[in-house]
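For reference, the structure discussed in these notes is given below.
The values are calculated or read from the model by the stated rules, or taken from the named source; none is laboratory data. Since the model is a prediction, treat every value here as computed from it, not as a measurement. Using ideal geometry, Cβ is built from the backbone for each residue, glycine included, and neighbour counts are taken over all protein chains shown. What goes into the accessible areas is simple: the full protein's heavy atoms, side chains included, and nothing from ligands, DNA or RNA. Shrake-Rupley method; radii C 1.70, N 1.55, O 1.52, S 1.80 Å.
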Amino acid sequence: MTQPPVSLREAKMSQVYGRKCQIAGCSLHRKSGKKYCNKHEHGFHLKGDPMQVSIKISSLQRSTQEIQELLEANKSNPSLHDLRLALGERWVILGKAVDRYLKQQADGLAGVKGQRKGYQVLQSLLKNVPMDEVLLLWVSFQRFEDSTPGIFVNQRSYKHQLVKHVRRISHFVDPALINKRTGKKIVKYVVEMGVPEVNTVYDLLNQVFGVSGYQFSKAIAKRIDSKEELDKRVRSALVGIT
Ligand SMILES: [Zn+2]
């Protein structure tokens, strides 16, 4: 019996990592050429990191509500109006860039598979979802991270979880998830996504919305501070009334 050939990469990895999965407490064997066992490797494609918890839409609810209150309070603020106009222009530019890329792909230009899928998700998003809804998700996510420190194990899992929700609202149907015989959609509750797809969607949306999430979140923190300050004043004034 001959041993199966071991790749150079795997030979190096077994020198560095041994045979065990690199997650503390996991006693399973490492997958060949990977740092983790089958289960934890799967976690990368599902959640962005094996140690990341899945962020459900219900967890975001409070942050989304805070953003909606901020938008409502600034309804007649000309700055908000200007921001929306400027973001709207970037949104149109994004649409053109996505169409151009996908047209080049259709004309046979080589591309990275995951990257192409990212553009397809964005195409669905641009077609099916108003910009305001995407903006709300984008800034809610930033607010959620700021108000729940440690909820994301790293930047990569933040992006992954955000893009997962972008994909959900985009109603994108992955051609690979259509049953070729019946033509029906294969239901997957949590879709696996690779790094190129996540990065493509995140980076292009970042070009539109950029730091607006951070700025909105800061504005909310300021509002909360001044409300607490006011509550304190009311409380101490009440104590003084005899
Ligand atoms: Zn493991």
Q. Can you tell me the accessible area per residue over the chain, all protein chains present, probe 1.4 angstrom, in square angstrom?
A. 64
Q: Please list, or write none, the aspartates and glutamates whose alpha carbon is within less than 13 Å of the alpha carbon of Lys185, excluding same-chain residues fewer than 8 places away.
A: Asp174
Q | Debye log10 I(q)/I(0) for the chain, one point scatterer per Cα, at q = 0.11, 0.13 Å⁻¹ | A | -0.74, -0.95
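Checking the a/c ratio against 1.5 first, then a/b against b/c, what shape does the Cα gyration tensor give for segment 8-47?
Judged from the Cα gyration tensor, segment 8-47 comes out oblate (a/c at least 1.5, b/c at or above a/b).
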Q) Using a simple charge model, +1 on the beta-carbon of Lys and Arg, -1 on the beta-carbon of Asp and Glu, nothing else, what dipole does segment 85-137 show about its Cα centre, in debye to the nearest 20? A) 280
Q) When the accessible area of segment 8-47 is computed with all protein chains present and a 1.4 Å probe, what percentage of it is carbon and sulfur? A) 52
Q.
Within the chain, which whole H helices from DSSP have a Cα span along their axis of at least 30 Å and a mean Kyte-Doolittle hydropathy of -0.5 or more, if any?
A. 78-106
Q. Over 29 Å between Cα atoms, which of Lys188/Lys222; Lys35/Lys180; Lys56/Lys117 qualify?
A. Lys188/Lys222; Lys35/Lys180
Q. How large is the charge dipole for segment 8-47, taken about the Cα centre, if only the Cβ atoms of Lys, Arg (+1) and Asp, Glu (-1) carry charge, to the nearest 20 debye?
A. 20
Q: Pairs to check: Lys127/Lys159; Lys127/Lys218; Lys34/Lys159; Lys47/Lys96. Give those whose C-alpha atoms are more than 26 Å from each other in this structure.
A: Lys127/Lys218; Lys47/Lys96
Q: Can you check what the net charge comes to around Gln123, using other residues whose Cβ is under 15 Å from the Cβ of Gln123 (Lys, Arg +1; Asp, Glu -1)?
A: +4
Q.
Out of the GluC sites (Glu not before Pro) in segment 112-220, which ones are loop residues according to DSSP with at most 14 other C-beta atoms within 10 Å?
A. Glu192
Q) Rounded to a whole number, what % of the accessible area of segment 114-170 do carbon and sulfur atoms account for, probe 1.4 Å? A) 47
Q) Given the rule -39500 (n - 2.57) for each run of at least 4 DSSP H residues, summed and divided by the residues of the chain, what is its mean residue ellipticity at 222 nm, to the nearest 500 deg cm²/dmol? A) -22000 deg cm²/dmol
Q.
If the reach is capped at under 15 angstrom between alpha carbons, list the aspartates and glutamates near Lys31, excluding any in the same chain fewer than eight residues apart.
A. Glu10, Glu41
Q: Report the charge-dipole magnitude of the chain in Debye, nearest 20, computed about the Cα centre from +1 at each Lys and Arg Cβ and -1 at each Asp and Glu Cβ.
A: 1140
Q. Among Gln115, Leu28, Ala221, whose Cα sits farthest toward the positive end of the charge dipole of the chain (+1 at Cβ of Lys/Arg, -1 at Cβ of Asp/Glu, about the Cα centre)?
A. Leu28
(Q) Under 10 Å, Cα contacts only: if you run a Gaussian network model on the chain, which one of Ile169, Ile224, Ile55 comes out with the highest mean-square fluctuation? (A) Ile224
